[in-house]
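Written out below as structure tokens is the structure these notes cover.
We did not get these values from a lab; they are worked out from the coordinates using the rules stated. Please read all numbers here as calculations on a predicted model, not as lab measurements. Virtual Cβ from ideal backbone geometry, glycine too; neighbours counted across all protein chains shown.
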Amino acid sequence: MNLILLGPPGAGKGTQAKFVSEKYKIPHISTGDMFRETAQSGSELGRKLQEFMTSGKLVTDEIVIGVVETRLAKQDTAKGFLLDGFPRTVSQAQSLDRILSDKNHKIDAVLSITLADEEVIKRLSSRRVCVACGASYNTITQPPRADNICDKCKGKVIQRQDDNAQTIRQRLKVYNEQTSPLIEYYTKEGILKVVDGSGSVEAVFKGLCEFIEK
Ligand code: AMP
């Protein structure tokens, strides 16, 4: 089962991807997570990636597609995978189609989580994440029990560098201009399923599972 999770930043893709990946036993492939990991390494590429992310701009297709192609070549994707944060442009979607068709594979479903812009801004401004295990918190609805300390692993809980007001606005602009055309792209292919992301984490997960099991 080859799946894509689509949706604006803050729609809950990362949280839902973890649940889906656990339940259906398919690897969760997040380009954002991979880029953040490389950025932490302090390498030249890492510095470049951090610049793109901090400014809210998209990393170049050349870098992104190379990273995804290498990841999809790994054995653990043989029985399926869940892409989170990729593709983000029509040209990335076309490259993905090419990579998969070379292996006689295809995308089975694109799960699109929708969320209004105002809600995106509200959620991202109050989002906090654990640097160690990636657990997500929200200063208003779900703060960690102890200030800035992860409930699950006791790691440090921080605000992502790209979750500031200016970068959030830029990321939303990029989503609306460059990523949302994918909704039409995958609708035309007949594989787009839409789930309302404004509900609880459990309600959104239930909606996703219903589509996956169909
Ligand atoms: P995310 O964690 O998915 O919100 O991604 C964080 C940042 O990584 C984005 O704002 C982009 O700068 C970069 N990024 C992640 N995935 C992609 C992609 N498919 N294409 C281009 N840039 C990406």
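The figures follow:
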read-out: Equivalent ellipsoid semi-axes - Cα gyration tensor, the stretch 107-214, angstrom; value: 29, 19, 12
read-out: Contact order relative to length of the stretch 91-214, as percent, for alpha carbon pairs under 8 angstrom and 6 or more apart; value: 30 percent
read-out: Semi-axis lengths (Å, descending) of the ellipsoid that matches the C-alpha gyration tensor of the stretch 1-109; value: 22, 16, 14
read-out: Set of lysines near Lys103 by C-alpha distance (under 30 Å), chain-local residues within fewer than 8 positions excluded; value: Lys13, Lys18, Lys23, Lys25, Lys74, Lys79, Lys188, Lys193, Lys214
read-out: Along each principal axis, Cα extent of the chain, largest first, Å; value: 49, 42, 33
read-out: Value at 222 nm in deg cm²/dmol, rounded to 500, when DSSP H runs of n ≥ 4 in the chain each add -39,500 (n - 2.57); value: -14000 deg cm²/dmol
read-out: Most to least packed among 192-200, 26-34 [average Cβ atoms within 10 Å]; value: 26-34, 192-200
read-out: Backbone HN-Hα couplings from phi across the stretch 127-143 [Karplus 6.51/-1.76/1.60, Hz, Gly and Pro as x]; value: 6, 9, 10, 7, 5, 7, 10, x, 4, 9, 10, 9, 4, 9, 8, 8, x
read-out: Distance in nm between pseudo-label sites at Ile121 and Ala146 (7 Å out along the Cβ direction from Cα); value: 3.6 nm
read-out: R0 of 22 Å, Cβ-Cβ distance Glu213-Glu184: FRET efficiency to nearest 0.05; value: 0.30
read-out: HN-Hα J in Hz across the stretch 150-160 - Karplus 6.51, -1.76, 1.60, θ = phi - 60°, x for Gly and Pro; value: 5, 4, 7, 10, 6, x, 7, 9, 10, 9, 4
read-out: Amide H contacts of Asn2 (H built 1.01 Å from N, under 5 Å, at least 5 apart or other chain); value: Phe81, Asp108, Ala109
read-out: Point-to-point label distance, Ile191-Ala203, nm (Cα→Cβ direction, 7 Å offset); value: 2.9 nm
read-out: Per-residue ³J(HN,Hα) for the stretch 104-111, Karplus 6.51 cos²θ - 1.76 cosθ + 1.60, θ = phi - 60°, Hz, x for Gly and Pro; value: 6, 10, 7, 7, 8, 7, 10, 9
read-out: Positive minus negative residues near Thr77 (Lys, Arg vs Asp, Glu; Cβ under 10 Å); value: +3
read-out: Relative contact order, percent, the chain [alpha-carbon distance under 8 Å, six or more residues apart]; value: 30 percent
read-out: FRET efficiency for Ser101 and Ala165, using Cβ-Cβ distance with R0 set to 41 Å, rounded to 0.05; value: 0.50
